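What follows is a set of notes on a single structure, which appears directly below.
The values are calculated or read from the model by the stated rules, or taken from the named source; none is laboratory data. Values in this document were obtained by computation on a predicted structure and should not be read as measured data. Counting neighbours? That spans all protein chains shown, and the Cβs are built from the backbone with ideal geometry, glycine included.
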Amino acid sequence: MFTSVFRFALLSAFLGSSCWAQQQQPDLTDLNLADLANVQVTSASRKPEDLSTAPAAIYVLTGEAIRQGGFATLPEALRMVPGLYVAQTDDHNWQVSARGFSDVFNNKMLVLVDGRGIYSQFIGGVYWDTLDIPLENIDRVEVIRGPGGTLWGADAVNGVINIVTKNAAEAQGVTVATSVDPEQGYSATVREGGRFWSGLNYYVFGRASYWQPFASPHGGDPANHFGLPQAGLRLDWTVSGTDSVTIEGGAYDGRFRSTRYTSGVVADFLLKGNHALVRWKHTLSERSSTETMAYCDWFTRTPDPGDSRNNCEMELQNEYEISGRHSLIWGGSFFSTGDDLTVASFVFPRRRRNNVASGFAQYGIVVVPKRLRIIGASTLERNGYTGLEYQPQVRAVWTPFRSSTFWTSFSRAVSVPTRAESDVFVKSTIPGAGPGGEDVIFEIAGNSHLQSEHLKAYEGGYRFELSHSLSFDLALYYNQYSNRIVLPETIEMLSNALLIKFQDVNHGTDQSHGGDLSAQWRPVSRWTLSAAVTETRGSPGALEATPKHLFNLQSRLDLPHRVSFDTSLYHCSAVPFGRIADYPNVPSQSVSAFNRVDVGGSWRVRPEWTLGVWGRNLQSDKHLETRDSLLANGAKEVPRSVILKLTWQSKPESK
């Protein structure tokens, strides 16, 4: 992903010089570890299965854990997930990655919201600032570390984050939640849920967020001010014993003020978007069911990088239980994305549509009942950039004892070139800047003949539940990346000028390896301790902006009189200053190691009222977490802060 960011750094210099499956879940807060191991997840195999036997490095972050932690945004809460590297660049920009290749955009991490892909086809990655989902609406977040392209398509290379929102039946009554942070800003959410008639439930919500700018390590008054109002609705209709329908929709219209990277001038940025989604589940028989999903979304983000886009997708999946030991899941989808990049004057053609047709099949066989099962799957996908792609996968799960689960897998995944990597073109001349007084011509060119980046991943893991109060989860991996897209530099002497040219090519190779170990312990029924350590190693290109060591520790204590007390410690090792392997003339900015300490708690004053107070970053006045974000206003220092949160709910959710 450094290629894309480096490209925009060059653009800055040149232009400046020139001028799925929704399952109703139980309340996870009252479950012991044994019950949590049996929570149903869908992201690893596209069908409900117990978390303890899922054939992948998967972690479930429950919505209740997010709300009890006092977080204001979803990326903040993702710090709790083992194996994820989460760092804040400024008041509204985040970096979220797994297993290397961290940067302001991450084209190797796929993010889904109820099956709808959240991805910028222009530059690749996720705009986390517009993914400001009301935390009160989240049922759970399933996080897979490792490739998921076999089931979820291209760009699910290093991980999948599947955000599952609440069924409308679980969000009845009126909820009002507000959070205020004098240092960072505020947010407010209002949600009203009800029932039209038996089987047809709904909720509507509105949310407004405003984040104040962080301090710059270089001094001065930062320009960032970010505001994002939004609204949405959801309906869940149980039509009959064999059919159910879900309808979702939402819209946002935000603004933020920042410095344009092409000119250094402070400007107002526009953020607008909306979406609509329909899902239909139909049970054909006791052994077979189908699920059909269709959605469209539209968004505009200007001016830098300007992107106006519409996406539509239709997907069909069939699950068939052939026998007690054999099962088949198959399906297909058609995805179409079109853009208007008129505002991005350095991309040609101005408008382009990319159609992606794909089909997948997954076959599972139980070799030894309740002991050993093997899963084989593959996806075939044709896109407008690289043609036909295939992404196979083989997984095995062995459960020698009820308390122990071993799993292993081999996967192939791909990352498709972005619109910018394929179609960007910039040419700029600096008069008299050459060594002999000749002109210097800079040229950046995309490459319409680029092929996909490839990953071969080897994984293994072990889960062990010693008792109802202690569990461990270990995941190890080795990733080989080939056909990496890089941006080499060539220099050519013309008759009266010096030409310095950059063009995307498939040339790079990288590797990353490592593992993460997490544990959870309940020494007494009211006290839960969770800890995780992540070690990441590999080639310089893979670790160029990724720390080698991550550690987190959380403590939750439920006290009498409906009081809870939470403490969290996070450690992130340094990202050292260095040189990029594929770009020896480009220095990389260093980030010092830092610790983060959060302490707080909540008090349910009455069944309807909950008051929370949390101190964030108590270890220091402020600290830097990432390198500069070239598409924003440079990396800012995250301040120490205090968050006050008040929630009122007219009807407490059933326990």
Quick check: is even one residue across region 196-203 among the aromatic types (Phe, Trp, Tyr), modelled with pLDDT of 90 or more and crowded, with 18+ Cβ neighbours inside 10 Å? yes
So the check is Cβ under 6 Å with 6+ separation or different chains; which pairs have a first residue in region 400-427 that's of a type in the set (Phe, Trp, Tyr) and a second one that's in a strand (DSSP E or B)? Phe406/Trp398; Phe406/Tyr462; Trp407/Val397; Trp407/Gly461; Phe410/Val394; Phe410/Tyr458; Phe425/Ala445
Has region 55-64 got any residue that is surrounded by fewer than 22 Cβ atoms within 10 Å (Cβ to Cβ) and over 15 Å from the mean Cα position of the chain (by Cα)? yes
Mind listing just one residue for me: the one in region 309-340 that is outside any loop (DSSP other than H, G, I, E, B), out of contact with any Ser or Thr (no Cβ under 7 Å at 6 or more places or on another chain) and of a type in the set (A, V, I, L, M) and, of those, surrounded by the most Cβ atoms within 10 Å (Cβ to Cβ)? Ile329
Of the residues in region 76-115, how many are in contact with a helix residue (DSSP H, G or I) (Cβ under 8 Å, 6 or more places away or on another chain) and not in a loop (DSSP other than H, G, I, E, B)? 9
Taking region 341-360 on its own, how many of its residues are assigned to a strand (DSSP E or B) and buried (at least 16 other Cβ atoms within 10 Å of the Cβ)? 6
Only one of these is more than 16 Å from Ile58 (Cα to Cα), in a strand (DSSP E or B) and out of contact with any helix residue (DSSP H, G or I) (no Cβ under 9 Å at 6 or more places or on another chain): Ala177, Ala154, Ala188, Ala169. Name it. Ala188
Kindly indicate which of Gln520, Gln451, Gln480, Gln511 is modelled with pLDDT of 90 or more, within 30 Å of Arg352 (Cβ to Cβ) and not hydroxyl-bearing (Ser, Thr, Tyr). Gln451
Right, Pro26: surrounded by fewer than 20 Cβ atoms within 10 Å (Cβ to Cβ) and at pLDDT below 85 or not? yes
Please determine whether any residue of region 157-170 is modelled with pLDDT under 90, more than 21 Å from Ile138 (Cα to Cα), crowded, with 17+ Cβ neighbours inside 10 Å and hydrophobic (A, V, I, L, M, F, W, C). no
Report the residue count in region 575-605 for those that are surrounded by fewer than 19 Cβ atoms within 10 Å (Cβ to Cβ) and either in contact with a His (Cβ under 6 Å, 6 or more places away or on another chain) or at pLDDT 90 or above (or both). 7
Among all residue pairs at least 6 apart or on different chains, which show Cβ distances below 6 Å where the first residue, located in region 523-551, is at pLDDT 95 or above and the second is aliphatic (A, V, I, L, M)? Ala531/Ala519; Ala531/Leu553; Val533/Leu517; Thr534/Leu550; Phe551/Val533
Return yes or no: is Ser120 of a type in the set (S, T, N, Q), part of a loop (DSSP other than H, G, I, E, B) and surrounded by 24 or more Cβ atoms within 10 Å (Cβ to Cβ)? no
Does Gln511 fit the bill of being within 20 Å of Ala65 (Cβ to Cβ) and touching a strand residue (DSSP E or B) at 6+ places or on another chain (Cβ under 7 Å)? no
Answer residue from region 222-253, given it is outside any strand (DSSP E or B) and in contact with a Lys or Arg (Cβ under 7 Å, 6 or more places away or on another chain) and is surrounded by the fewest Cβ atoms within 10 Å (Cβ to Cβ) among those: Ala223
Answer yes or no as to whether Asp297 is touching a helix residue (DSSP H, G or I) at 6+ places or on another chain (Cβ under 8 Å), among the charged types (D, E, K, R) and under 30 Å from Leu233 (Cβ atoms). no
For region 450-480, give me each residue that is under 14 Å from Phe406 (Cα atoms) and not hydroxyl-bearing (Ser, Thr, Tyr). Glu459, Gly460, Gly461, Arg463, Phe464, Glu465, Phe472, Asp473, Leu474, Ala475, Leu476
